[in-house]
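Okay, so here's the structure we're looking at.
The values are calculated or read from the model by the stated rules, or taken from the named source; none is laboratory data. Treat the numbers as computed from the prediction; the structure is a model and nothing was measured. Cβ: placed from backbone, ideal geometry, glycine included. Neighbour counts: every protein chain shown.
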Amino acid sequence: MIKRTIQRAAIAVSVLALTACANLSPQNLFSHYSAANTEARDALARGQYQSALESLPDAPAGVLLDGMERGRIEYLAGQYSKSYAALNRADEAVKDQQRAARIQVSEGLNQAGSLLTNDNLITYQPADYELGFLHLYLALNYIQQRDLSGALVEVRRANQVQEAARKQREASLNQAAQEVDRQGLGRNLGAVLARYPGAGDQLSAVQNGYLFYLSGVLYEADGDLNSAYIDYKRALAVAPGNMYVANTVLRLATRLQMKADLAPLKARYGRYTPPAPGTGRVVILDEQGVVQAREGWHLPLWLADRHGNSVIYNLALPYYPQAPGPALGPLLLNQQPVIGSELADVNAMAHQSLNEHLPVLVARQALRVVAKNEFRKAAASNGNDVGNLLANIFNTLTEQPDTRSWQSLPAAVDLYLTDLPAGMHQLNRNGESLEVKVVPGRTTLVWVSRQGPHTRWWSVLLGEN
């Protein structure tokens with residue numbers, strides 16, 4: 001009688017935990033984010049921005065990720081006010097999430113429900129690089145509206161939110177590791193990680209050279225040369241082979257008389273050559289393609305609990321398959337090819353972020369094995385084969401990979417830098433053109449985003465009202 005009461009209580013608690021989850025939906029239970037987002041991503045990769053917007057699923061991953069996806073695609077569609085509003089909704093969701101005390105109770109229910117279903121029920125926490133891009137696109141909104149001070153606020157905030165996210169991620173990793181040790185499941189983690197496709201050995205966070213360089217451009221336009229120099233050097237540390245970044249650092253190091261830096265810079269990159277008189281600087285930030293989406297990887301595996309009992313279980317983890325980069329065709333400035341140099345590899349950031357978070361995902365999978373097995377045993381009490389069968393079916397169908405990520409970001413970003421005579425110049429691609437205004441001694445920032453045959457772009461003379 002006592003055993004039956006405990007078993008019924010276990011099922012009741014399980015049902016309660018599921019029904020109380022804020023993120024519970026058929027989509028999260030029986031499918032995953034990349035599957036729901038396929039149509040929108042395919043349209044975006046073809047450059048069909050309005051179709052991509054119309055195909056976006058109705059916030060299957062919550063306000064935060066939905067705001068980032070919509071904000072990015074609306075920006076590409078030229079709907080700047082809507083983009084700004086959507087990105088701000090995502091920003092507010094991040095603020096709420098980082099006020100941990102306010103969401104602790106509801107998130108506890110989400111965590112409990114995830115142990116009986118899958119990680120898609122846990123509130124989505126954006127990766128560090130995604131938070132950087134959130135503020136980068138808010139900054140681009142401000143720049144496009146010629147609001148330099150607003151853009152500077154966003155690039156400053158980018159570093160702050162990424163640091164807060166890093167601390168939150170480390171706390172999550174420590175908590176998961178402690179629970180795995182308590183359950184005696186630690187020895188199972190290595191078996192999973194050893195067979196995981198594409199697991200790398202890079203443990204340091206991948207930095208965003210795009211954000212650093214844009215930040216440097218904005219600081220320089222505002223007259224803060226020391227802050228600009230610091231962020232340009234950060235961009236060079238991320239992309240040491242990018243000669244456009246190297247020349248920018250050399251230029252400011254020369255102007256600021258950074259003697260300690262100049263010697264090694266000259267030894268590696270050569271001397272800085274000043275531009276001809278009467279020219280202005282043109283900086284082209286060239287976004288290309290669409291970042292990869294996570295796919296699901298399934299692994300049948302025997303796992304042991306702390307009592308030594310073994311259960312065969314179908315693990316479902318996200319991963320990034322190998323995929324070729326986009327073939328986009330030439331970008332021409334004054335009928336000459338624009339030969340950019342890579343500033344940011346967003347696919348690499350996405351891969352690294354997942355690999356860094358992988359131990360937490362595997363730890364939760366191991367804990368879920370135990371929870372689901374207890375649920376199955378409770379359902380199969382007193383030889384109830386039907387209950388056992390239904391529990392097995394439920395456990396299998398609800399084991400879905402957590403493929404949530406910001407999937408409308410570019411795959412990569414190139415930088416092109418040149419000095420041109422004063423006047424109007426023309427950027428061309430696939431029969432479309434953009435006028436670029438150049439003023440002596442000033443910087444013109446050109447933002448370009450290319451998907452398929454289509455291009456979104458604008459040109460702003462920095463400091464011009």
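When you go through (1) free of Cβ contacts under 8 Å to residues at least 24 places away in the same chain; (2) surrounded by 15 or more Cβ atoms within 10 Å (Cβ to Cβ) one by one for Tyr75, which number turns out not to apply?
So the condition that Tyr75 fails would be (1).
Table: residues versus (1) hydroxyl-bearing (Ser, Thr, Tyr); (2) part of a loop (DSSP other than H, G, I, E, B).
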| residue | (1), (2) |
| --- | --- |
| Tyr244 | yes, no |
| Ala267 | no, no |
| Tyr272 | yes, yes |
| Val282 | no, no |
| Leu285 | no, no |
| Val291 | no, yes |
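Can we say Arg146 is surrounded by fewer than 19 Cβ atoms within 10 Å (Cβ to Cβ) and modelled with pLDDT of 90 or more?
yes
Does Arg255 satisfy the condition of being crowded, with 16+ Cβ neighbours inside 10 Å and touching a residue at least 24 places away in the same chain (Cβ under 8 Å)?
Judged against the criteria, Arg255 is not a match.
Within the range 286-304, work out how many residues are at pLDDT below 80 and either touching a Gly at 6+ places or on another chain (Cβ under 7 Å) or buried (at least 20 other Cβ atoms within 10 Å of the Cβ) (or both).
1
Return the residues of the range 259-276 that are without any contact (Cβ under 8 Å) to a residue 60 or more places away in the chain and surrounded by fewer than 17 Cβ atoms within 10 Å (Cβ to Cβ); say none if nothing qualifies.
Lys259, Ala260, Ala263, Pro264, Lys266, Ala267, Arg268, Tyr269, Gly270, Arg271, Thr273, Pro274
Determine whether Val161 is under 18 Å from the mean Cα position of the chain (by Cα) and either of a type in the set (A, V, I, L, M, F, W, C) or modelled with pLDDT of 95 or more (or both).
Judged against the criteria, Val161 is a match.
Tell me whether the range 418-437 contains one or more residues that are without any contact (Cβ under 8 Å) to a residue 40 or more places away in the chain and on the phi > 0 side of the Ramachandran plot.
yes
Pairs needed: first member in the range 112-135, under 17 Å from His357 (Cα atoms) and part of a helix (DSSP H, G or I); second member anywhere, of a type in the set (Phe, Trp, Tyr) and modelled with pLDDT of 85 or more; C-beta distance under 6 Å; at least 6 residues apart or different chains.
Glu130/Trp406
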